[in-house]
Structures are given as C-alpha cells and as structure tokens.
Amino acid sequence: MAIHKFAAAAILSVSLPGFTPQLVAGQEAAFEADDECLARDDVREGCALGAFQLRANRKALEAELQAQRLPPGPPPDEPPGFAGDDDDDDEEENNDDDDDGKKDEDKSEAPAPASGAAADWGECNKDVGCGAESSCLAVTQYYSNCVPNDQIDAFKERLARQRREQHEHEREQRRQQGIEEGVQDPLDDQEPLPRAKRIGGAHPIVIKGNFLYDSNTGKRFFAKGVAYNPRNMVFDKQLMKKGNCTPGEPVSGKLEYAADPTAENLEDTWKEALNAIAVLGANTVRLYNIDPEQSHKKFMDYAASLGLYVIVPLTRHDWGYLPAGSPSPHCYTDDVDEYGNVGTNLLVSAKTIVREFSQYDNTLLFTVANEMTVADRNGYAAFPCVKALTRDIHRYQKECNETMRRVPLIYADMDMGPPYRELVGRYMSCETESEDDAVDAYGLNVYSWCDTEYLNEAGKPDFSYSPYGPIREEFKSFSKPLLFTEFGCTLGEFMTSCPYKGGRTWPDVSTFFNEFEETVSGAVAFEFSMEDNQYGLALTPGFTSDPNNDDKFYYLDAYFALKEQFSKHSVSSKWDGAKTADCAWTPDKASKLSAPRKPVGCPKKSEVSKLFDAKGLGVEPNWGELPPMPEGADADLLEHCPEYDVAPALRKEGCCHYSCE
C-alpha cells in the first residue's frame, strides 16, 4: 500500500543513547541529500540505490560506534552504554583498567564464560551467547550485551529511564517549536483479553491447484491473517492531522522501519500481540522485516502453539534489498560502493532466511517481494529481478529437498486495478525461462472496498458492482492460489481518528467465503498496531497518554468488528480430502469448480509494451529475459544444506514441483 513509499524515508534517522556519531567531512550533507531524494515521489535509480546504501552504512556505523563506547567491564555504578559518555567518563574507564584495588579482584574472581560465550558486558547475538550467570539483553536495535543476572533489573530500569528522558526531550522540542500537544479524549475501560487456547502445534500447509491444504488432514486451508509490523509509535497530531489524543511513552522504545519486531528482546510485546491475534480468530500473521542474524525460535514456537502460521519476507530494507528503482538486470547485477553486489547480497540474505524458517511447520509462505511499483514506477522494469530471485530460491529448495521443506513463494503486489492487475499476476506466475521462476502463489494488497455494500441499478446489493467484482472475473481461471495479502479500506464511512472509535466494520470478509470461495485462499487485514498511517487494530503501549494505554495494548472497535466477522465465516469443506502427496490430485477431484484452472502462458511482448508506454517508463520492455544467478551466494553457512527432519510425504510433495532423483 502507499504507506510503504513514505516509510522508507522515515527509517533513516536513528540516534543512539549517549553518543553522537563522528562523521567524516561532507558525510552528513550526503545523508540529508539522500534522505530528501528517497522521500520524493519521482525517485530515480541512483538515488534509490544511494539511499539503500545509506541505510546499510548507517547501521554498520552505529553498531561499530556503540561497540567502541563500551568499556571492557561494567562501569562503577551502572551498566555500559548508559553512563554519561563524555570525556570524563572515558577517562574513568581508562583509569579503571589501571586500578590495582578491589575492582580488579572482583573481576578476577568472576566466573569464566562458557566456551564460545561472551564475557559479562561483552557483545552477544544469535551465535555468541552468554555465560551461565548472564543473559543477552538488547542495548539498541543493533547491539546486545551479556548482563549479569543479578544486575538485569537495574539494567532494564536504566533503559526505561533513558526512554523517559528521551520522551521528555522530544516533548520539550515540540513545545519550543510551538506544536500544541492537544487534549486526550478518554479511552473507555476494557477488560483484558482472554488467553488464547494453546493447541500445541501446526501442520505444514501445501498447495494443490489453486487452493491451500493442511498436509496432515487434507482439509482446505484459508489464511485469516493480520499484518504485524509494530514500530511502537506515539500519537503525533502534526503527522496524523486529526484526532484528540496526546502522545504517551512507549514501553519498548520506538523501532525504526527496518527493525525486526519478532526479536527475542521484544518477547513481552509480541507474545501479547500474538495472543490478541489468535483471540481475534486469525490463523496467520504476515511479517515485513526480518533480521536473519536474530533467532526466531521463540516467536515461531509460540505462534505455532496458538495455531498461527507466518508469512515471512525474503527482501529487507537495509542489507539484502531489491532496488525497485533499477530496471532489470541492474537490480540483480549492479555493484554498489561500500555495499557490494546487490544480487549477491540479496540472495545470501534470502537464502539465510529460507534456511532458518523452513524448519518451522508453521511457516506458511515466503514473500519474495512486496509492491515493487509503489516507491518507483521503474519497479515494473524490475519485475524480472523478482522472478530471478524466485528462480534461485526454488533451486536452493530443490538442492536441499532431502533435508529442508519446500515452503511456497508468493509475490505481493499493490492492487493497480485493470487492465494491468491480471497481467502482472500472469507474468509472476508463468514460466519465463523455466518452472523455477514462477511464483507458487500471487498476492494483492487491496484497499478498494470502502462502503458497507454496493448497489445495482435496482438498488439491491450486488457483488458484481463492487470493486471486488472485476478481481473475481480477472482471476476466475487463475491456476495458483490468490491471496489478499493486505486489505482493509479506512476511507469514507470507515474513516476515524484518535481515539479511533468506530471505523472499519469489515463487511468484505463475507465475500471471501462466498462470492470469492473458488478464487481467494487468504486475506490479511492491515494491520495490527496503530502506526502513522492509522490502519491499526490496537494501540501499542504508550501510543497515547491515557492510563488505559500507558503500559498495555488497547484494542479498538475495528479489532472487535474484525473478530466478529472472522468468527462468522469459515472456508467451505466441499473441497476437503486432498491427497497432498499425489502430484496429480487437484481440487476439482473433490468438487467441481465453475471454471477450469489451467496454467496460462506469459504475457505477449505487445502487452508488456503497452504497459511500459502507459506507465511512461524510459526503458524497453524487458520481461522476456531474466538476470543470471549472482556469484558468491553459496559460501560459509550456505555451502551446505541444513539438516532438518522432513516427513516423507512432504518430501514427496516437494517433488511435485521439480524433478527429484
């Protein structure tokens, strides 16, 4: 959806507590130029690459500087990274190293960390743990410390205090700028949500024809989903324009757009969110930002225990990105200064994510890319790079078929409407050079159902008069699963403002299980948390200053309206009974479909030329040829396949999609 275009610019500025990065002469000016460039509507190729490069450089710089500020041991009175961080503190830290007193004695008597573990106050991550008497806790989004267990409470309190100080500083800045805080309309009291039923696990989902199926029961699966990408925003009257609220103090601190919200240091937040999503009646969570350097076992295991499947992104927003502003083949072949080859880095990152998440039975789909044409119209000319990534991930899955489950791949596109909506879906799902470059499912991010009902000339509700009518017609013979990877209009009668009373009632949910029952296999409501785009179902703790929201989630009318709709509707059982390991089985073996579902050929060059002309692209139509596989994407961890247990039936199902020896 359109918000992603602006979110990219919003993630660029990050300040770390306690220090100011020292940049080389002229560097800050370049940063500002790139920020402004990325925020424009007419982003050009070089600008987009520069801005993405900027993100990666900043992340590395901030992590490096943070590490340099940390002393070799804990400061006398408080955890590292939280002392004043001025010259006097540096001097004290150096003097500590020279002391011959009690402090050195204490250090020498401290228990040694386990083999392969970091010492107390040392850096830790997914691969480097801590000793038995320490825990790995986040200092920033990019840096974690081993903190002695007996000092964890003090460490967390210091984090919370620093966030409060930062919040007060920001409020003072707003006051100095003459920005009025406004008033806070009270939030109604609400009872805590019940705890969701724990079901203990989830069966892998597979594709048969244009439907999704439970690989164990053979029952048709419909993804009732919610998008999850919390940034821990606060209400901002200047940004959000309307509403009677005042900002609170986020418990976890604000996350920049590229940060991973499923990291273990955010466990308290995502556990509460996953419980609320399960109580809602959803069975699927869609993610947008993954850091493959973090462990996701706790998140995935907890989601599985609630019966929740996860749609996982393969492209990222800092390192491992797919530059939409670069026409193919450049989006998969170019070298970028101080970053490297875009294709190699993208494929390494994507394969690393596939390697980790394929072990979890509740990984539903991998998103190879999302809305390539939103940030830059040249995204249409970058589609061959999406297909190239699809090809290379499919080949990686084939290579590791014996010990790694084949998780289907989906591309999620904005709903651009006719006549090109179906054309893009056909291109992404067709075999351009081989079966490997075709996605397994296609997604549309749809925000067009903005009224309770749509009436025909006789004044009666009529689906064919709705904006969903043409989608059903265009995809009535689509041979692969179609999902609404985002949906939920907030315009017209669904518009609301803080404190967000009323809003969306989700009348379109019923169409997915009736008029769309043969066409759509999932719908993901956008989105769980309230962000600056104001699509949220819940206010994250501290979004407003109201006491009902200061340290806990607050669930909005739109949340309970969606819960009501999800509880009313379920997928029909008439297509149950799938023989998931039988390559010849299709849904029409269970019940007749109204239209045949047969693979179609790729778009003709004349169709592609018409699209390129209509969009004003300055390049020749290029959909007929894909970039080659990048070199250097199979080193280190990726040199060998993971050793996971794959059920024989699932391995056999994987062989339906490629030749197995």
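A few points about this structure:
- Residues in region 347-361 carry Karplus couplings, in order, of 5, 4, 4, 5, 5, 5, 5, 4, 4, 6, 7, 5, 6, 9, 5 Hz; the curve used is 6.51 cos²θ - 1.76 cosθ + 1.60 with θ = phi - 60°, and Gly or Pro positions show x.
- Stretching the chain fully between LYS552 and GLU493 yields a gain of 18.4 nm (0.36 nm per residue, less the alpha carbon separation).
- Taking amide H atoms as placed 1.01 Å from N in the peptide plane, the amide H of MET414 lies under 5 Å from those of GLU371, MET372, THR373, ASN445, each 5 or more residues away in sequence or on another chain.
- With a simple spin-label model that places each label point 7 Å from the Cα along the Cα-to-Cβ direction, the separation between ALA458 and LYS156 comes to 6.3 nm.
- Chain lengthening between ASP532 and ALA635 when straightened (0.36 nm per residue, less Cα-Cα): 33.1 nm
- Cα gyration tensor shape for region 177-266, rounded if a/c is under 1.5, else prolate or oblate: prolate
- Annotation: amide H of VAL285 within the under-5 Å range of VAL226, TYR309, VAL310, ILE311, sequence separation 5 or more or interchain, hydrogens built in the peptide plane.
- Heavy atoms of THR511: accessible area, 1.4 Å probe, square angstrom to 10: 10
- The modelled label-to-label distance between ASP185 and ASN244, using points 7 Å beyond Cα along the C-beta direction, is 0.6 nm.
- Gap separating the Cα centres of region 204-244 and region 452-522, nearest whole Å: 16
- Förster radius 22 Å - calculated FRET efficiency between SER448 and ASP236 (Cβ-Cβ, nearest 0.05): 0.20
- Inter-label distance, nm, simple model (7 Å from Cα along the C-beta direction), ALA584/SER510: 4.2
- Solvent-accessible area of ARG426 with every protein chain in place, 1.4 Å probe, in Å² to the nearest 10: 40
- For CYS130, residues with placed amide H under 5 Å, excluding near neighbours: ALA118
- Three-way shape label, region 356-441, alpha-carbon gyration tensor, a/c 1.5: prolate
- Karplus-based coupling profile of region 402-415, in residue order and whole Hz: 5, 10, 9, 5, 7, 8, x, 10, 10, 10, 10, 10, 5, 6, with θ = phi - 60° in 6.51 cos²θ - 1.76 cosθ + 1.60 and x standing for Gly or Pro.
- DSSP-defined antiparallel bridges as percent of all bridges, region 315-442, nearest 5: 25
- If you plug the beta carbon distance of ASN265 and SER659 into 1/(1 + (r/R0)^6) with R0 = 56 Å, you get a FRET efficiency near 0.80.
- Gain on full extension, evaluated as 0.36 nm per residue between SER591 and GLU564 minus their Cα-Cα distance, stands at 6.8 nm.
- The distance separating the Cα centre of region 619-661 from that of region 369-388 comes to 21 Å.
- In the assembled protein chains, SER606 presents an accessible area of approximately 80 Å² (probe radius 1.4 Å).
The values are calculated or read from the model by the stated rules, or taken from the named source; none is laboratory data. This structure is a prediction, so every number in the text was calculated from the model and none was measured. Cβ: placed from backbone, ideal geometry, glycine included. Neighbour counts: every protein chain shown. Calculation scope for accessible area: heavy atoms of the full protein, side chains included, ligands and nucleic acids excluded. Shrake-Rupley method; radii C 1.70, N 1.55, O 1.52, S 1.80 Å.
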